[in-house]
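These notes concern the structure reproduced below.
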Amino acid sequence: MTTTAPSSQLSTTSNKPKRLSDGVFAFLLVLPGLALLLAVVVYPLITALVTAFFKQSLVLPGREFVGFQNIIDVLTGEFSRLLWQTLVFTIGTTLFPFVIGFALALALNTRIRGAKVLRGLMLIPWLVPGVVVSFLWMWIFNANYGVMNALLEGIGLIDQPQAWLAQPATAMGAVILAKTWQSFPWMMVMLLAGLQTVPRELHEAAEIDGAGTIRRFFSITVPQLKGIIGLVLLLEFIWNFQHFDIIYVLTGGGPAGSTQTFATAVYETAFHGFDLGHAGAIGLLWMVLLMALVVVYVRFSEKGEER
Amino acid sequence: MTLETDLPTAAPIAPVADTAGTGVQDASRRTRRPSKPNALRSERPGVRFAAWAAVIVCGGFALLPVYWLLATSLTPRTEVFAYPPQFFPSTVSWEAYESLFTNPTLFNYLRNSIIVSVITAVLSVLVSAYMGYAFSKFRYTGRRALMYFVLSSQMFPQALLLVTLYSVFAAYGLLNTYTALVLSFTTFTLPLCVWMLKGFFDTIPDELIEAARVDGASRLRIIHSIVLPLSAPGLVAAGLFAFVRGWNDFIFALTLAGPDKQTLPPGLVNTYIGEASTAWPELMAASLVVSLPVAIAFISLQRFLVGGLTAGAVKG
């Protein structure tokens, strides 16, 4: 009795006269997520790009079509400076974490004692929220009581305390260092995972053939890790190209605009300058560059899939 | 369970799959040490030395700032404003933590953070489970295009989206509400959570679903009674990721919410940054407290770490 009741119920549901096709059913499953993406990403993105062609304010109603005027203003104005500073920040915050992360991955992969504990500890910088990274480095770089000044004075690298975050000459370097501290653990984890897929037999065979450590690094490790190295560099580059939090909290793009990147410039122009048209124009140019990077990334990951 | 029989063929790819799925230490445990007597690189003194040098230099860079965070948070307020700074506080003082927990403004930010992150986690798991399942177990035209679309949505700059997202939420009267924050956070968790869950659903054998279907279970019932219970660890992991995403967010909470609805990250910036003399011990103590839930979430999903992060990045 008890077993027949549910089974008959089930068969009635599946024998419904009109059953949705699998395609329609799958679409219904996708729908909530798709609606969110369209409402929160696609629609705002398109309208933001469209504002590039209008004179529009965040606080006043109405707008006026101005054609390419905003874009010309940006291109003849801050564009080259923003591009240069964004590139400096992005390249710095991609290469330094890569070098540190790779060195650590190689070291931990030799299975020195306590490698597992060390790996866990090294992840701390990557775990803390972005604003915490900013607070901490703001304190370290503090002009009057900062530990960075004390350290560098102690080893004789500087004569007097520096206001690292308030001098155009040093602010970008300070911001890059803070972001590097946050990013390298991710690089380490990814590269360590890659290193452990390199077949041991390759190293053993090469060692029997007389290849030294350095030779094996360049002839076995690097070629075997080509895929993962390309991936982490590309992803990190794309992320840093649009990084906002740490720069914004540490310097707000200052001093004298010396740490302004596309991300902080768009934000400042829209929410402190209230000039949506100008912000949209910076954003449009930024998006064109970013899309080029994403195309490279998609090509790259498709190639990885074929392998 | 049936894996035993497949072992010979599965062996060559097993280390790769393991590394992606369960963290990094398993692959090394797999190698049998006794059978490799001669070749271990770690036995060379030069390599050992280089390894330790790298660990000490990079480890110092990684951990000294963490020590400084901890030390400052325990330093008495009067001792912090000294140059050169005291590397070891003369007395351990809990006053920073005390004033932190008795500050009603901060408590309000904390409450907002918890509410918004928890709702984000639940909503994100719901939405991404359905989406991930549709990507995993159905084949239809446009599937690949949709998958790439979801993946690529994390590549769009948030600072730019906000330029008009702000006006969109304003038009619907959603500025300064939890709804605005939850909707935006959930959207940005989708790429990662959908990919994580798709990975989990991929491991559920089609035969199981087919058997349920033959027995007459509807497709929705298959999802709710078979697929989701089998993927419980994945759901938890995705939920924790979504929680952390909401917890850590700065730019959306800063822009879309006012002081009474703001979460901790922008709340702390408003409270401490830009004042004439920042209360550093208090700010460092607050930083530590904000980081704790993230650390706990991470420890509980460590084994999904590499898998979850690489999944969204490499699988098409």
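The values are calculated or read from the model by the stated rules, or taken from the named source; none is laboratory data. What you see is a predicted model; the values in this text were computed from it and never measured. FYI the Cβ positions are ideal-geometry reconstructions off the backbone, even for glycines, and counts take in every protein chain you see.
Before moving on, here are some points about what is shown:
- Reported count of residues in the stretch A:213-230, each being touching a helix residue (DSSP H, G or I) at 6+ places or on another chain (Cβ under 6 Å) and either within 9 Å of chain B (Cβ to nearest Cβ) or farther than 22 Å from A:Tyr297 by Cβ (or both), is 5.
- Within the stretch B:114-134, the residues that satisfy the criterion of being crowded, with 24+ Cβ neighbours inside 10 Å and β-branched (Val, Ile, Thr) are B:Val116, B:Thr120, B:Val125, B:Val127.
- Selection from the stretch B:127-157 of residues that are farther than 23 Å from A:Val295 by Cβ, part of a helix (DSSP H, G or I) and free of Cβ contacts under 8 Å to residues at least 40 places away in the same chain: B:Ala134
- Boolean, A:Ala48 is more than 30 Å from B:Gly267 (Cα to Cα) and buried (at least 23 other Cβ atoms within 10 Å of the Cβ): no
- Residue check for B:Gly60: among the small types (Gly, Ala, Ser) and either crowded, with 16+ Cβ neighbours inside 10 Å or facing chain A (nearest Cβ under 8 Å) (or both): no
- Only one of the numbered conditions (1) facing chain B (nearest Cβ under 10 Å); (2) within 19 Å of the chain's Cα centre (by Cα); (3) at pLDDT 90 or above is violated by A:Met291, and that is (3).
- Criterion: within 9 Å of chain A (Cβ to nearest Cβ) and either of a type outside the set (Ser, Thr, Tyr) or within 19 Å of the chain's Cα centre (by Cα) (or both) - qualifying residue of B:Thr187, B:Thr120: B:Thr187
- The listed residues are A:Val131, A:Val175, and the only one of them that is buried (at least 24 other Cβ atoms within 10 Å of the Cβ), of a type in the set (A, V, I, L, M) and away from every other protein chain (no Cβ under 11 Å) turns out to be A:Val175.
- Scanning the stretch B:79-93 for residues that are polar (S, T, N, Q) and under 35 Å from the mean Cα position of the chain (by Cα), we see that the one that is farthest from A:Leu151 (Cα to Cα) is B:Ser93.
Residue-wise test of (1) β-branched (Val, Ile, Thr); (2) closer than 17 Å to A:Phe244 by Cβ; (3) in a helix (DSSP H, G or I).
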| residue | (1), (2), (3) |
| --- | --- |
| A:Gly257 | no, yes, no |
| A:Ala263 | no, yes, yes |
| A:Glu268 | no, yes, yes |
| A:Gly277 | no, no, yes |
| A:Ala281 | no, no, yes |
| A:Trp286 | no, yes, yes |
| A:Val294 | yes, no, yes |
| A:Arg299 | no, no, yes |
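- Test result for B:Leu165, among the hydrophobic types (A, V, I, L, M, F, W, C), in contact with a helix residue (DSSP H, G or I) (Cβ under 8 Å, 6 or more places away or on another chain) and within 7 Å of chain A (Cβ to nearest Cβ): yes
- Candidates B:Phe135, B:Phe101, filtered to the one that is closer than 30 Å to B:Leu197 by Cα and not acidic (Asp, Glu): B:Phe135
- Selection from the stretch A:243-266 of residues that are touching a Leu at 6+ places or on another chain (Cβ under 7 Å) and facing chain B (nearest Cβ under 9 Å): A:Phe262, A:Ala265, A:Val266
- Taken together, B:Ala286, B:Ala237 contain a single residue that is of a type outside the set (Val, Ile, Thr), away from every other protein chain (no Cβ under 13 Å) and crowded, with 21+ Cβ neighbours inside 10 Å, which is B:Ala237.
- Residues in the stretch B:136-182 that are touching a Lys or Arg at 6+ places or on another chain (Cβ under 6 Å) and either closer than 30 Å to B:Leu110 by Cα or crowded, with 23+ Cβ neighbours inside 10 Å (or both): B:Asn176 alone.
- Taken over the stretch A:56-78, the criterion of being touching a residue at least 40 places away in the same chain (Cβ under 8 Å) and within 21 Å of A:Val288 (Cα to Cα) is satisfied by A:Val66, A:Asn70, A:Ile71, A:Asp73, A:Val74, A:Leu75, A:Glu78.
- When B:Asn248 is tested against (1) surrounded by 20 or more Cβ atoms within 10 Å (Cβ to Cβ); (2) touching a residue at least 60 places away in the same chain (Cβ under 8 Å), only condition (2) is not met.
- The stretch B:63-102, subset without any contact (Cβ under 8 Å) to a residue 40 or more places away in the chain and within 20 Å of B:Asn270 (Cβ to Cβ), residue nearest to the other protein chains (Cβ to nearest Cβ): B:Phe101
- Checking B:Val55 against (1) facing chain A (nearest Cβ under 9 Å); (2) surrounded by 13 or more Cβ atoms within 10 Å (Cβ to Cβ); (3) assigned to a helix (DSSP H, G or I); (4) at pLDDT below 85, the condition it does not meet: (4)
- Look at (1) assigned to a loop (DSSP other than H, G, I, E, B); (2) at the interface with chain A (Cβ under 9 Å from one of its Cβ atoms); (3) touching a residue at least 24 places away in the same chain (Cβ under 8 Å) and you find that B:Ile204 fails only one, number (2).
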